[in-house]
Structure formats: C-alpha cells, structure tokens
Amino acid sequence: MTAPMVKSEQVHKSFGHLQVLNGIELEVATGEVFCLVGPSGSGKSTFLRCINHLERIDAGRLSVDGELIGYREHGGKLYELHEREVARKRREIGMVFQTFNLFPHMTALANIMEAPIRVKRESAAVVRERADRLLDRVGLTHKADVYPNQLSGGQQQRVAIARALAMEPKLMLFDEPTSALDPELVGEVLDVMRQLADDGMTMIVVTHEMGFAREVGDNLVFMDGGVVIESGHPRDVLANPQHERTKSFLSKVLM
Amino acid sequence: MSPIKAVPLRHPGRWLTVAAILVLAAMFANALVSNTLFQWDVVGQYFTAETILKGVAQTLYLTLVAMAVGIVLGGILAVMRLSPSPVLSTVSWVYIWFFRGTPVLVQLIFWFNLAALFPELSIGVPFGPTFFSVETNAAITPFVAAILGLGLNEAAYMAEISRAGIQSVNDGQVEAAHALGMRRLLTMRRIVLPQAMRMIIPPAGNETIGMLKTTSLVSIVTLPELLYSAQSIYSRTFQTIPLLIVASLWYLILTSVLTVGQYYIERHFAKGNARTMPPTAWQRLRRNFFTFHSPRPEAPAPSVTSSSGGIR
C-alpha cells in the first residue's frame, strides 16, 4: 500500500475556549475522493482549512504527502516553518471555497493565470495554453474575458476550480463548494468535480450533497463535536449508519 | 405592451429656489462689477504675470512631490501597521501618532530651523567614524524643508486612509491568494491593493486638493509658491485685494483640474467591480443640466458598461 496523501493523528484545534477539533484521526489515500459530512459546527471546515495551514493546529500531527504541515521535525523537536515554506507547500494543495473568492478586479482568464505566473514563475504562453484547456474543461471558454461579477454563482465556482487546478496540485480541498449556489446551479459544479474525480485527482470534499458523496465518494467520514464518529464507504455509511448521531443527522438531511 | 406615458412629476419648489438663487447671483455680480475696489484691471494685469505663473508652477510642483512622498510612505506605513510583526506595527503607530499629533505649520518651521538643533548632518557608523558630512543649512533648503514638512505629515494621513482601504477588502480574497501559494507581500500588491484602491482614491483625491491649498503655508519659509508670489507683489504695490483674488482664482483652477483627474482615476479602478462605471465629469455635467425635470423612465442617466459580455 502506498503512503497516504493526508494523514491526521490526534489533531486538536481551539478558538479561544471553544474546542473545535478534538483529536481527528484519519487517512486519505492518493487518488481517492474523501467526503467529510456532519452538522454545522462539527469542525469539518476547520479541519479542511488546517490541511493547507490557513488555520494552525494546536496539537497532534497533520501531514500531506509525507510532510508535516506548518512545521519541520528535527531531532524530536518541532520547528515552525517560514512563511516562504508554508507558501511553497500550499502550491501543491488546491482549495475551492464556499464563497468562490474569485479576484473581482481580474477577468476569469486572469484569475486562472495569476498564480502560475506570479508564484510558479511559469511562462505566460505555457500558462495561457493550460488556462484555455481548463476553461474548456469547465465549459467556460466563452467567458474568458468576463469579470466575476458578470458570471452566475455556478460559473464563478467553475472558474474557481479551474484557478486551483492551474497550479497543478496533487490534492484538492473543497469547502462546501455548492452551499452558496442556487439549486439549479449545483449540478454544473458537481459535474466538474465528478469529472475531476474520474481523472484520478485526490479530493477532500466537505459537503451536504449526499447524492454526490454516494455516487462519487470512495470514503466518507461523519464528524461531530470535533471528532470522527464513523467512517467507511459512502454507500455503507449512508445506507446503514452504525452510530446514533450519524443516524439522527442523516435522517434530517435530504437524500 | 405599450410603454407608460405619464405626466412627469412637477417640482415647483425647484423653480422657486432657482429664482431666489438667480436674484442673489445678480446682486453678487452687480457688486463685483460696480465696486471698483475689486480693481479687476489690476487682477487682469497680474493674472498672467511671470512672478505669479512661477508661483503657480512652484505650488503644483510642491503638491505633486509632497503627495508622492505622502502616498508612497503612507502606503508603506499602512502595510507595516497591519503587519503581523509587532515591531513594524509599533513603529508605524508611533510615526502616525507623532506626525498626526503636531500641527503641520509647526513641523514646517521646525524643519526649516533644523540647523539650530543639528548644525551638521553626517552619515557614518553610529557612535563611530563619519563618512560624509554636510552643513544643515546647505542641505535643508526652503524646498527640502517644505517637502519634509508637508510630505512626512501627509504620510501619516495617507497611512490611515490606506489602512482603511486595505481592511475593507474581504478576508476571503487574502485566503484565496494564500491558498494558491501567494506570499503576503505578493498578495498585498496583486490582490488586496488593487481592490483597496477603490476605497483609497476618493479620500486621497481630497487629500491632494487639501495639499494644494496647504502648500500656501510654505510661504512662511520664504519659498516663492503662489501665495508668497502674490504677497511679494502686494507688499510692494499695496494692491492686496486684487492680488489675493489672483491667487484664489489660480487655486480654484488648479483644484478644478485635480477634481476632473480624480474622476478618471476612480473610473479606472472601478473595473470589474461595478456593472456601470461612475460617470465622467462631463457626463455628470450633462446629466445635471438636462434632467431638470425628472428623468423619463426610458432615458436613464448616461453610463458606460464596464466591459464586453452581457448581464447574467
């Protein structure tokens, strides 16, 4: 068996007195679609943000592709990483936000090309070609020169996915990517994600779309109160939850 | 469906107000013309006098250089103030506290008299040998004193304006940039500042216009800017009022030009943020003139859409 893409051991995180993560234990294998579900406040988004160090963890070990996140271990001691090293690590991890967070002063194309050119210092021609390919992949070639405020929510989220993919990450994090969308726009974003999963991308998806989880997910974790309550193949967990809290949560969400 | 054809709402109050204003304006114009003490011939004579034009050029130059110093230094101070480093943030806080807390006139006089405090300025190892030294009176000319006084003071205000602009940008923008592997300064330069500009430009325009007038304080350190030039003439000819009118007219002309410039800069930074651009000065003027009675529904205010591509 190959090394896991993400490994979390006893990850703790609190905001002031509020303990949000209470010892998260999980492993995400390379190439798998890993779904995180749970009630709001269960810590799933916070955990996702810890994976690319947007939040720092208080205790435990969190590693991506065999390297610790935010720290270096040397002689049994942890050393905080420099901002430069944190940024370097983040290049390999794409993230898609609930509220898209496209750069409003740049066109869709410029949004996609910004980081590869400025961060990876790739040539504009190479990046342009990749950006065109990505826009085609998310079905928005005709919107290349349009500013985000002229796009629908679904279109914005597809551009945001293309923007993250332009950095050629080995891991993609999705933080409730369809929660801010009108219901009729959810499908187009899920289609893009499904296609990405088929291409073998390792994906961690925080979602309330149980249909997507069941169809596309390889693994599903139910979180509550900052801990993993139960995990397994989505079909098994969704159809036959073992835990009382999982049952009560699933009975409340539409499937 | 046929478009609505309604009688436009009447505004009798507006007509009454206009009538009252016209009467007052006529009275004022009459006073301007009939009161010979205004000495309009003297105003005309000195309006384009060489001394005055040189003063105008000096005033413009001072404004531009002092604002350049203020904007650049203010931007740096704002970024320092918001930096996670407590050292940088404290340094910036102390700077703003000091320069905003003392009157700019006092600062000007202080810089002008720096020689009284430090007769010699030198560069070298602290408490060690000196490499280079210059007499303060030679280094701090009235122009240098003016730029130091006006620019360093302005930086404190621009720092606060820039900070407000930077903080108005959504945190999600910074997170998205960081998630793409962008570092703090790159994020600031490419993502945050261009968006903050929309908030920064209007007050910065205000500051520039303020600065144009504040440069008149510099007349006390004998720098021949516009006011000093006017004073130098009337102290000789005793035609005080007409020369002050000359100076005022020039200040008005310069601030008007700056106001127009500001509109165009605002339009530039509105890109991608608004469906419609703010109107240009000309469009504004036209709209104000030609919509005296309420605008018809099918004739909206003139506006330019920000880009190709339709509405969603």
statement: Filtering the stretch B:16-56 for residues that are open to solvent by 60 Å² or more (accessible area, probe 1.4 Å) and either basic (Lys, Arg) or closer than 14 Å to B:TYR228 by Cβ (or both) leaves a count of 3
The stretch B:175-191, subset open to solvent by less than 10 Å² (accessible area, probe 1.4 Å) and either in a helix (DSSP H, G or I) or over 23 Å from A:ALA160 (Cα atoms) (or both), residue farthest from the other protein chains (Cβ to nearest Cβ): B:THR187
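Please enumerate the residues belonging to the stretch A:200-219 that are farther than 25 Å from A:GLU92 by Cα and not in a loop (DSSP other than H, G, I, E, B).
Passing the criteria: A:MET210, A:GLY211, A:ARG214, A:GLU215.
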message: Take the residues in the stretch B:128-174 that are among the β-branched types (Val, Ile, Thr) and farther than 30 Å from A:ILE161 by Cα; name whichever of them is nearest to the other protein chains (Cβ to nearest Cβ).
response: B:ILE161
- request: Report whether or not B:LEU217 is touching a residue at least 40 places away in the same chain (Cβ under 8 Å) and more than 30 Å from A:ALA110 (Cβ to Cβ).
  value: yes
- prompt: Looking at the stretch A:154-168, is at least one residue within 11 Å of chain B (Cβ to nearest Cβ), open to solvent by 20 Å² or more (accessible area, probe 1.4 Å) and at pLDDT below 95?
  reply: no
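Among the residues that make up the stretch B:234-246, is at least one of them among the basic types (Lys, Arg) and crowded, with 17+ Cβ neighbours inside 10 Å?
Residues of the stretch B:234-246 among the basic types (Lys, Arg): B:236.
Next cut, crowded, with 17+ Cβ neighbours inside 10 Å only: none.
No, the stretch B:234-246 has no match at all.
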field: helices (runs of 4 or more DSSP H) within the stretch B:59-149 that include 3 or more residues out of contact with any helix residue (DSSP H, G or I) (no Cβ under 8 Å at 6 or more places or on another chain)
entry: B:86-101
field: Test: residue in the stretch A:63-70 that is open to solvent by 70 Å² or more (accessible area, probe 1.4 Å) and within 14 Å of another protein chain (Cβ to nearest Cβ)
entry: no
- prompt: A:THR99: open to solvent by 70 Å² or more (accessible area, probe 1.4 Å), among the polar types (S, T, N, Q) and in contact with a Leu (Cβ under 6 Å, 6 or more places away or on another chain), yes or no?
  reply: no
- request: Report whether or not A:ASN101 is over 21 Å from A:GLU55 (Cβ atoms) and within 12 Å of chain B (Cβ to nearest Cβ).
  value: no
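Within the group B:ILE21, B:ILE52, which residue is among the β-branched types (Val, Ile, Thr), in contact with a Phe, Trp or Tyr (Cβ under 8 Å, 6 or more places away or on another chain) and assigned to a helix (DSSP H, G or I)?
B:ILE52
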statement: Within the stretch A:24-40, the residues that are farther than 18 Å from A:VAL216 by Cα and either free of Cβ contacts under 8 Å to residues at least 12 places away in the same chain or open to solvent by less than 20 Å² (accessible area, probe 1.4 Å) (or both) are A:ILE24, A:LEU26, A:SER40
query: Name the residues in the stretch A:4-23 that are open to solvent by 50 Å² or more (accessible area, probe 1.4 Å) and in contact with a helix residue (DSSP H, G or I) (Cβ under 9 Å, 6 or more places away or on another chain), would you?
result: A:PHE15
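Touching a Ser or Thr at 6+ places or on another chain (Cβ under 7 Å), more than 9 Å from chain A (Cβ to nearest Cβ), surrounded by fewer than 20 Cβ atoms within 10 Å (Cβ to Cβ) and part of a helix (DSSP H, G or I): does that describe B:MET199?
Values: touching a Ser or Thr at 6+ places or on another chain (Cβ under 7 Å): yes; more than 9 Å from chain A (Cβ to nearest Cβ): yes; surrounded by fewer than 20 Cβ atoms within 10 Å (Cβ to Cβ): yes; part of a helix (DSSP H, G or I): yes.
It is true that B:MET199 is touching a Ser or Thr at 6+ places or on another chain (Cβ under 7 Å), more than 9 Å from chain A (Cβ to nearest Cβ), surrounded by fewer than 20 Cβ atoms within 10 Å (Cβ to Cβ) and part of a helix (DSSP H, G or I).
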B:SER85 being touching a Lys or Arg at 6+ places or on another chain (Cβ under 6 Å) and open to solvent by less than 70 Å² (accessible area, probe 1.4 Å): no
message: Being farther than 17 Å from A:ASP236 by Cβ, modelled with pLDDT under 95 and open to solvent by less than 10 Å² (accessible area, probe 1.4 Å) is the filter here; which residues of the stretch A:197-222 pass it?
response: A:THR207
- prompt: Out of B:GLY128, B:GLY210, B:GLY124, which single residue is surrounded by fewer than 18 Cβ atoms within 10 Å (Cβ to Cβ), touching a strand residue (DSSP E or B) at 6+ places or on another chain (Cβ under 8 Å) and either within 22 Å of B:SER92 (Cβ to Cβ) or free of Cβ contacts under 8 Å to residues at least 12 places away in the same chain (or both)?
  reply: B:GLY124
message: Among the residues that make up the stretch B:185-194, is at least one of them over 23 Å from A:VAL86 (Cβ atoms) and at pLDDT below 95?
response: yes
- request: Could you check B:VAL218 against (1) in contact with a Pro (Cβ under 9 Å, 6 or more places away or on another chain); (2) open to solvent by less than 30 Å² (accessible area, probe 1.4 Å); (3) within 14 Å of chain A (Cβ to nearest Cβ) and say which number it fails?
  value: (3)
- line: Pairing a residue in the stretch A:176-205 that is on the phi > 0 side of the Ramachandran plot with any residue that is small (Gly, Ala, Ser), where Cβ atoms lie under 8 Å and the two sit 6 or more apart in sequence or on different chains, gives A:GLU176/A:SER45; A:GLY200/A:GLY31
Evaluation of A:LEU140 against (1) within 8 Å of another protein chain (Cβ to nearest Cβ); (2) open to solvent by less than 10 Å² (accessible area, probe 1.4 Å); (3) not acidic (Asp, Glu) (one fails), failing number: (1)
- request: Among what's in the stretch A:115-125 and is crowded, with 17+ Cβ neighbours inside 10 Å and without any contact (Cβ under 8 Å) to a residue 24 or more places away in the chain, pick the residue that is nearest to the other protein chains (Cβ to nearest Cβ).
  value: A:ARG118
- request: State yes or no: is A:LYS247 surrounded by fewer than 17 Cβ atoms within 10 Å (Cβ to Cβ) and in contact with a Pro (Cβ under 6 Å, 6 or more places away or on another chain)?
  value: yes
- prompt: Out of (1) small (Gly, Ala, Ser); (2) assigned to a strand (DSSP E or B); (3) under 30 Å from A:GLU129 (Cβ atoms), what's the single condition that is false for A:ALA197?
  reply: (2)
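The values are calculated or read from the model by the stated rules, or taken from the named source; none is laboratory data. In this text the structure is predicted, and so the values were computed from the model without any measurement. Ideal geometry is used to build each Cβ from the backbone, glycine not excepted, and the neighbour counts take in all protein chains shown. In case anyone asks, the SASA skips ligands and DNA or RNA and just uses the protein heavy atoms, side chains included. Shrake-Rupley method; radii C 1.70, N 1.55, O 1.52, S 1.80 Å.
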